[in-house]
Structures are given as C-alpha cells and as structure tokens.
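Asks: Got a structure for you, written out below as structure tokens; questions coming shortly.
The values are calculated or read from the model by the stated rules, or taken from the named source; none is laboratory data. Remember, it's a predicted structure, so these values are computed and weren't measured experimentally. Every residue, glycine among them, receives a Cβ derived from its backbone with ideal geometry; neighbour counts consider all protein chains shown. Each accessible area value is taken on the protein alone, full model and side chains, heavy atoms only, with ligands, DNA and RNA left out. Shrake-Rupley method; radii C 1.70, N 1.55, O 1.52, S 1.80 Å.
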Amino acid sequence: MIDFGGIEKEVDKIEEYYCQIEKEQEKYCHFFDQKVVETIPSKIFTEEGYKDLREYCVFRMGFSVVTKENCRVLAQIIKDNNVLEVMAGLGSYTATLRELGVNVIATDDMSWMDYDTSKYKNWKKYSWIKDLESLDAVEAINKYGKDVGFILMSWPPQNESYALDALLAMRRVNSECRMIYIGEK
C-alpha cells in the first residue's frame with residue numbers, strides 16, 4: 001500500500017502557485033474537494049477563462065473529472081462485475097464507484113509523481129482512497145485480471161504504450177474481460 005502521509009509545508013506553496021483561482025471562480029472549487037457532486041457545469045472545461053480552475057481540479061481529483069452522473073452510467077455498464085482500476089491516480093473513480101456499490105480494486109504505480117515532482121508531488125495529499133495498491137497496469141492485470149469483469153483505465157500517459165500493453169495483458173489473462181477507457185485516443 002502507498003503511504004499518503006508526511007507532506008511537507010513547502011509543497012503547499014507549489015500548489016498555491018499552480019492553483020491560483022480568480023475570485024469569481026472560487027465558487028466552483030467545491031466541485032473538486034474530495035466529494036462527488038451530481039454534475040459539473042461544462043463551461044468549466046470548455047471556456048478558456050476557466051483554465052486555472054481546471055488546474056485546481058487536477059490537483060484535487062486527477063486528470064478525470066468524476067461526477068455521480070458519469071459514474072452511474074459506468075455502474076450500469078459494470079452491473080455486478082468486479083472492476084480493476086489501473087492507473088487509478090488519486091482514486092476518485094474508485095471512491096465514487098464504490099459509493100454506488102461497485103466492487104473496485106485500485107492500483108497505480110505512482111510513476112506520474114516523477115513526471116514533474118515540483119508540480120504533482122502534492123497530489124498525494126488529496127487521495128480519495130486509502131487502499132491504493134502500488135502496481136503498474138500490467139502487474140495489476142496479471143495479479144487480479146482473471147477475477148474481474150472490467151478493467152477501468154482513465155487518462156493514461158499520451159504517446160506511450162501503457163494502454164496498449166494493459167489491453168494486451170487483459171486479453172492474455174482474461175479474454176472475457178472488457179476495458180473501460182477514459183481519455184483521448
């Protein structure tokens with residue numbers, strides 16, 4: 001398991017730098033503070049003036065924006081199947097799906113922490129779950145893949161083979177399993 005404690009005060013200064021929110025946008029911050037809301041106004045992600053709020057969201061929720069609305073759709077697809085979330089990041093999908101009664105195993109190798117440690121190191125502070133297991137996607141699939149009906153992958157690194165490697169591992173370990181992929185092509 002990954003320890004999310006012991007964050008230094010200097011790291012808070014980094015977040016303050018990257019998450020400077022305009023006064024008129026502060027009313028939207030509650031959408032991303034470790035609770036799931038029904039839905040989020042689309043203008044937050046479509047209008048240029050909200051890019052600072054998007055950065056705030058990344059620090060609090062991860063790269064995916066999770067709402068009860070979109071997780072209900074996922075839960076309807078998943079039904080009674082067990083789910084393995086690979087590259088779970090902060091665990092916002094896992095936490096929300098669990099609230100809806102879905103059995104989810106959450107894994108992440110935390111390699112994104114090395115992407116730009118001066119920026120994302122503070123993400124640990126906002127973990128939504130306490131039982132994130134430190135495994136890369138292929139290791140997680142090799143360990144849990146035969147026991148799940150779905151693998152959930154949200155925003156894997158672009159221009160890398162992680163998603164393809166996970167898909168191929170899934171097909172090898174459990175040909176009946178399906179992948180739910182959230183992100184760009």
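Asks: State the number of residues belonging to region 142-175 that are in a helix (DSSP H, G or I), over 15 Å from the mean Cα position of the chain (by Cα) and of a type in the set (A, V, I, L, M, F, W, C).
Replies: Within region 142-175, residues that are in a helix (DSSP H, G or I), over 15 Å from the mean Cα position of the chain (by Cα) and of a type in the set (A, V, I, L, M, F, W, C) number 7.
Asks: Open to solvent by less than 80 Å² (accessible area, probe 1.4 Å), at pLDDT 70 or above, of a type in the set (Val, Ile, Thr) and over 26 Å from Glu176 (Cβ atoms), is that true of Ile40?
Replies: yes
Asks: Here is a list: Gln20, Gln34. Which entry is assigned to a loop (DSSP other than H, G, I, E, B), polar (S, T, N, Q), at pLDDT below 70 and surrounded by 12 or more Cβ atoms within 10 Å (Cβ to Cβ)?
Replies: Gln34
Asks: Within region 84-103, which residues are farther than 15 Å from Tyr144 by Cβ and outside any loop (DSSP other than H, G, I, E, B)?
Replies: Ser92, Tyr93, Ala95, Thr96, Leu97, Arg98, Glu99
Asks: May I pose another question? Identify, please: which residue in region 60-83 is without any contact (Cβ under 8 Å) to a residue 40 or more places away in the chain and assigned to a helix (DSSP H, G or I) and is, among those, most open to solvent (accessible area, probe 1.4 Å)?
Replies: Filtering first and then ranking leaves Gln76.
Asks: Here is a further query. Considering region 151-182 alone, what residues qualify as being open to solvent by 30 Å² or more (accessible area, probe 1.4 Å) and in contact (Cβ under 8 Å) with a residue 60 or more places away in the chain?
Replies: Result: Trp155, Tyr162, Ile182.
Asks: Tally time: how many residues in region 88-100 are touching a residue at least 60 places away in the same chain (Cβ under 8 Å) and open to solvent by 40 Å² or more (accessible area, probe 1.4 Å)?
Replies: 1
Asks: Looking only at residues in region 101-113 that are over 18 Å from Asp165 (Cβ atoms) and modelled with pLDDT of 95 or more, which one is surrounded by the fewest Cβ atoms within 10 Å (Cβ to Cβ)?
Replies: Gly101
Asks: If you don't mind, another one. Any idea how many residues of region 114-150 are exposed (fewer than 15 other Cβ atoms within 10 Å of the Cβ), at pLDDT below 95 and not β-branched (Val, Ile, Thr)?
Replies: Residues meeting the conditions: 7.
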